[in-house]
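The values are calculated or read from the model by the stated rules, or taken from the named source; none is laboratory data. Since the model is a prediction, treat every value here as computed from it, not as a measurement. Every residue, glycine as well, gets a Cβ built from its backbone with ideal geometry; the counts of neighbours run over all protein chains shown.
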């Protein structure tokens, strides 16, 4: 019941896959040793499937590919690759976008470019519609995030994303341990609190989820996804007035329309 309602809620908010694949594990407050992943082979053929592309976008993509192939300037190659990745993202081809950004990261190996590549694969990981694509994108995101953390071990946002890729893998406790490590350094870290809140929901620890989301909102009151989840937790716990208050705050906010629609749906279900 709870699982199905969470899935419907996430679909409404466009958080399509991440919560569905979160493991049903108990998030306990205990120490656990965490080891970062070994680098993986990132060699992959560039996707040539363009069946869902419009003719105009296909022309743009082919032109940018040709520009990259013929470019004799590294600086121009970066510009062309960024433009190509943007075009692929507009077509929702997140894995193809990541591949070209990774090519640049492999050449430049700066923290900025490595993080861009990791974030691109993380986006592909979040929107993957198959387990194989999700696993592949997660592995590649870890590869580039590990390189970022080798340069800057204090980049907590990168570590939080890295942790999420582990949470939905066969080593979920490794990711959970990393998220807890982040909170030891920064107890109000936005991404760590949010992801641990989601994990608490999937493990049925709604009181713990309320605690996580409340702490997050005390520091980031405009994090409307967290507020929506907080309302959901209150609703499941039978604290109807608190749930209504959170949903109404989302509806009256400047949140994205999909989030407002989800809040309206939950509020309507309570009132009926």
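Among the candidates 126, 135, which residue alone is assigned by TED's automatic domain parsing to the domain that holds residue 68, surrounded by fewer than 18 Cβ atoms within 10 Å (Cβ to Cβ), modelled with pLDDT under 95 and in a helix (DSSP H, G or I)? Step through it out loud before you land on a result.
Numbers: 126 fails: surrounded by fewer than 18 Cβ atoms within 10 Å (Cβ to Cβ).
Going through 126, 135 in turn, just one is assigned by TED's automatic domain parsing to the domain that holds residue 68, surrounded by fewer than 18 Cβ atoms within 10 Å (Cβ to Cβ), modelled with pLDDT under 95 and in a helix (DSSP H, G or I): 135.
When the residues of region 257-268 are filtered to those that are surrounded by fewer than 14 Cβ atoms within 10 Å (Cβ to Cβ) and free of Cβ contacts under 8 Å to residues at least 40 places away in the same chain, which remaining residue is nearest to residue 221 (Cα to Cα)?
So, considering only residues that are surrounded by fewer than 14 Cβ atoms within 10 Å (Cβ to Cβ) and free of Cβ contacts under 8 Å to residues at least 40 places away in the same chain, the one nearest to residue 221 (Cα to Cα) is 257.
Is it fair to say residue 192 is in contact with a helix residue (DSSP H, G or I) (Cβ under 6 Å, 6 or more places away or on another chain), without any contact (Cβ under 8 Å) to a residue 40 or more places away in the chain and on the phi < 0 side of the Ramachandran plot?
Values: in contact with a helix residue (DSSP H, G or I) (Cβ under 6 Å, 6 or more places away or on another chain): yes; without any contact (Cβ under 8 Å) to a residue 40 or more places away in the chain: yes; on the phi < 0 side of the Ramachandran plot: yes.
So residue 192 passes the test.
How about region 56-106: which of its residues are in a loop (DSSP other than H, G, I, E, B) and surrounded by 20 or more Cβ atoms within 10 Å (Cβ to Cβ)? Explain how you work it out, then say what you get.
First, pick out the residues of region 56-106 that are in a loop (DSSP other than H, G, I, E, B): 71-73, 91-93.
Passing the criteria: only 93.
I'd like to check something: does region 155-169 contain any residue that is in a loop (DSSP other than H, G, I, E, B), in the same structural domain as residue 120 (by TED's automatic domain parsing) and farther than 15 Å from residue 123 by Cα? It would help to see each step written out before you state the result.
The first filter runs over region 155-169 and keeps only residues in a loop (DSSP other than H, G, I, E, B), leaving 155, 168-169.
Next, from what is left, pick out any that are in the same structural domain as residue 120 (by TED's automatic domain parsing): 155, 168-169.
Going one step further and asking which of them are farther than 15 Å from residue 123 by Cα, we end up with 155, 169.
Scanning region 155-169 turns up at least one residue that is in a loop (DSSP other than H, G, I, E, B), in the same structural domain as residue 120 (by TED's automatic domain parsing) and farther than 15 Å from residue 123 by Cα.
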